[in-house]
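Reviewing the structure listed below.
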Amino acid sequence: MSDARIPRGIFFAIVLATIAQCVHDFPLLPGRLASHFGASGIPNGWMTKTQFMLMYGVVLLPALAIEFWVSNQIANKPDARLNLPNKEYWLAPERRAETFAYFETFFAWYGCIFLFVVVYAMGLAMRANFETPPQLPTGPIASDIAGFVLFNVIAVIAMLRRFSRPG
């Protein structure tokens, strides 16, 4: 049985905090926002705050897909279309439910982490616009990206270790 309740609860908490941040910050933001920044943190792209908020909503969509759609798509694929080491073992009737429960929990956590990375980066971009001139802090954004890369490496290793050998 999957235990995706904790990551899904965290996911919704992040979404609620994001909504609260946007509701709070929207009236305080300038009409024209720096929306894209170079490696040095200097802005090199601009948009209205309405466009920025709409784009913010759009960049959250992949997190929603990872959280709620990906594991369901995997579970509904024919076995022949799944690329899984030792597929016959892991998809045997006595282990099939456990295998897909693992995917559901895995992608629930992955969606949470992905959402956090996006929300943190977008929050930094919004906060940068409270400064004149806007300047994205490079340390926190680099840490956000490095942390996500590290998470991906660990996630791939965990997935390979789990499914590379039967039992």
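The figures follow:
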item	result
Amide proton proximity set for Thr48, modelled H, under 5 Å, gap of 5+	Leu33
Using a Förster distance of 35 Å, the FRET efficiency for Asn72-Thr48 (Cβ separation, nearest 0.05)	0.45
Between 0 and 90°, nearest 10: helix 5-25 axis offset from the chain longest Cα axis	10
Fraction of accessible area attributable to carbon and sulfur, segment 26-167 (%, probe 1.4 Å)	67
Length gained when the stretch Ala39-Ala13 is fully extended (0.36 nm per residue, less Cα-Cα span)	6.3 nm
Mean ellipticity per residue at 222 nm, deg cm²/dmol - from DSSP H runs of n ≥ 4 across the chain, formula -39500 (n - 2.57)	-23500 deg cm²/dmol
Highest-first arrangement of 156-162, 56-62, 29-35, where packing means the average Cβ count within 10 Å	29-35, 56-62, 156-162
Surface accessible to a 1.4 Å probe, per residue, for the residues of segment 1-82, Å²	61
Relative contact order of the chain, defined on C-alpha pairs under 8 angstrom at six or more residues apart (%)	33
The chain - convex hull of the alpha-carbon atoms, volume per residue in Å³	121
Neighbourhood charge, 12 Å Cβ-Cβ cut-off, centred on Lys49 and excluding it, Lys, Arg +1 and Asp, Glu -1	0
Local net charge near Leu124, Cβ-Cβ under 14 Å (Lys/Arg +1, Asp/Glu -1)	-2
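The values are calculated or read from the model by the stated rules, or taken from the named source; none is laboratory data. Note that this is a predicted model, so its numbers are computed, not measured. Using ideal geometry, Cβ is built from the backbone for each residue, glycine included, and neighbour counts are taken over all protein chains shown. Surface areas here come from the heavy atoms of the whole protein model, side chains and all, with no ligands, DNA or RNA. Shrake-Rupley method; radii C 1.70, N 1.55, O 1.52, S 1.80 Å.
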